[in-house]
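Data first, discussion second: the structure below is written as structure tokens.
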Amino acid sequence: TKPNEKILVTYLSSTYVKAIEQFPGVDESFPLPFDLPGPIGQFLNQVQPKCLLIARTDLWPEVLTQTRKKKIPSILFSATFPKNSSWVSKLWKKTMLKLVDSIYCVSFDDYDFAIKKLKLDKNKISVLGDTRYDQVVFRLSSPKPLNDHLETQGPTLVAGFTWAEDEKELLPALE
């Protein structure tokens, strides 16, 4: 909605680098520094974000503490809360979620859990669904044509997130 704003995506695992770099709308991406006062402070001072968007469960205490101190709004989206959480896990989530400005839950069950079990302020919580499903619906409604070399006449095996070691076994087995 704001085409002049730059989008920076951080990650912890290098397995996401390629997907992030190919995602339309991402201007920059690099690893998030360790969640310690010095590295996070330097990161926020250098990047000067206008908003922090957090996917699902990536609640980092130092990031949240410093963004709150610097008055950088934070939004947790696609939030989901396991119902069988231990009291320690509930306490941790409650503490972290109090540092978040807005929470967009996946379902009404998650909304109820956040209000009734975590005792969070209902004014900062909404139900907006799961962005992963939104992506699936979008891709199904806007399919890309297959490359000629991908079209087959017989059964097709699709193996996602495989490693070279997996493929050493899978490919000979297919023959």
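The values are calculated or read from the model by the stated rules, or taken from the named source; none is laboratory data. This structure is a prediction, so every number in the text was calculated from the model and none was measured. So basically every Cβ, Gly included, is an ideal-geometry build from the backbone, and we count neighbours across all protein chains shown. Each accessible area value is taken on the protein alone, full model and side chains, heavy atoms only, with ligands, DNA and RNA left out. Shrake-Rupley method; radii C 1.70, N 1.55, O 1.52, S 1.80 Å.
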Those residues of the stretch 3-17 that are among the hydroxyl-bearing types (Ser, Thr, Tyr) and loosely packed, with under 14 Cβ neighbours inside 10 Å come to a total of 3
Inspect all residues belonging to the stretch 44-67 and state whether any of them is in contact with a helix residue (DSSP H, G or I) (Cβ under 8 Å, 6 or more places away or on another chain) and more than 28 Å from Leu118 (Cβ to Cβ).
no
I'd like to know if the stretch 50-68 contains one or more residues that are more than 26 Å from Phe23 (Cβ to Cβ), open to solvent by 60 Å² or more (accessible area, probe 1.4 Å) and either in contact (Cβ under 8 Å) with a residue 24 or more places away in the chain or out of contact with any strand residue (DSSP E or B) (no Cβ under 6 Å at 6 or more places or on another chain) (or both).
yes
Complete set of residues in the stretch 1-49 that are in contact (Cβ under 8 Å) with a residue 24 or more places away in the chain, not in a loop (DSSP other than H, G, I, E, B) and not β-branched (Val, Ile, Thr):
Leu8, Pro37, Gly41, Leu44
Counting just the residues of the stretch 18-30 that are under 17 Å from Lys6 (Cα atoms) and surrounded by 12 or more Cβ atoms within 10 Å (Cβ to Cβ), which one comes out modelled with the lowest pLDDT?
Phe23
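Each row is one residue, and each column tells you yes or no for (1) open to solvent by 40 Å² or more (accessible area, probe 1.4 Å); (2) at pLDDT 95 or above.
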{"residue": "Gly38", "(1), (2)": "yes, yes"}
{"residue": "Gln42", "(1), (2)": "yes, yes"}
{"residue": "Ile75", "(1), (2)": "no, no"}
{"residue": "Ser78", "(1), (2)": "no, no"}
{"residue": "Lys83", "(1), (2)": "yes, no"}
{"residue": "Lys90", "(1), (2)": "yes, no"}
{"residue": "Lys94", "(1), (2)": "yes, no"}
{"residue": "Lys98", "(1), (2)": "yes, no"}
{"residue": "Asp110", "(1), (2)": "no, no"}
